[in-house]
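Worksheet for the structure shown next.
Nothing in this text is a laboratory measurement; each read-out follows from the coordinates by a stated rule. Since the structure is predicted, the reported quantities are computational estimates derived from the model, not experimental observations. With ideal geometry, Cβ positions are generated from the backbone for all residues, glycine too; neighbour counts draw on all protein chains shown.
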Amino acid sequence: MPDDRTNQITEILNSVGEKGSPADQLLPLVYDDLHALAEKYLRGESAGHTLQPTALVHEAYMKLVDQTRVDWQGRTHFLAVGAQAMRRILVDHARRRRAAKRGGDRQRITVDEQLLAAGRRDEDLLALDEALEKLAELDTQQAKMVEMRFFGGLNVAETATALGMSKRTAEREWTMVRSWLRRELTEA
């Protein structure tokens, strides 16, 4: 049974895009959830990473509330789309860093282990993004499932609800898609 906060979030989401919409009331209600997602994504990054969780949250939030053609289904749907927005932001950031590393900014630096680890994380993220794009061509629902689970931090039940499927079906799909991803990423 949804709690009062979840109901309040759903009401606000339903009114986003209307004149006089209380979208500014939404951020305090979802901020902690979005910030936890951002921290999870950035946990493996090097200490000198230029994108901080708060900046990632704010950039993703601006993309979310700017969408006028989304029929929000509630908090879980909002967080799932938020996860997708964060994924795009992080992938774009990794691509810019990789371009800079390949001579895009032509700045000579010394190589240390921390820099190598950060570069590996960018490569992993880009490989995952490529695998997700390939998966989306094969099965868009499974690609959304990965985004929700990996980037959104949603559990199987929340993912099933967001995708309109039973928990058992979501569990079966998740087992299958994890195997497919493992194979794809190993080959990459």
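For Glu184 and Arg5, calculate 0.36 nm times their separation in residues minus their Cα-Cα distance, and state this gained length in nm to one decimal.
Working: separation 179, 0.36 × 179 = 64.44 nm, distance 3.96 nm.
That works out to 60.5 nm of additional length.
If packing is taken as the average count of other Cβ atoms within 10 Å, what order do 149-159, 169-179 fall into, highest mean first? Could the numbers behind the result be given before it?
Values: 149-159: 19.2, 169-179: 15.0.
Highest-to-lowest ranking by the protection proxy: 149-159, 169-179.
Quote to one decimal, in nm, the extra length available between Arg43 and Ser15 on full extension: 0.36 nm per residue of separation minus the C-alpha distance between them. If you can, show how the numbers build up before the last one.
Values: separation 28, 0.36 × 28 = 10.08 nm, distance 3.40 nm.
Full-extension gain reported as 6.7 nm.
Please compute the modelled spin-label separation between Asp124 and His35, points set 7 Å along Cα→Cβ, answer in nm with one decimal.
For the pair His35/Asp124, the computed spacing is 2.5 nm.
Ordered by packing density, taken as the mean number of other Cβ atoms within 10 Å over each peptide's residues, highest first, how do 73-85, 136-148 rank? If you can, show how the numbers build up before the last one.
Details: 73-85: 21.4, 136-148: 17.6.
By packing density, highest mean first, the sequence is 73-85, 136-148.
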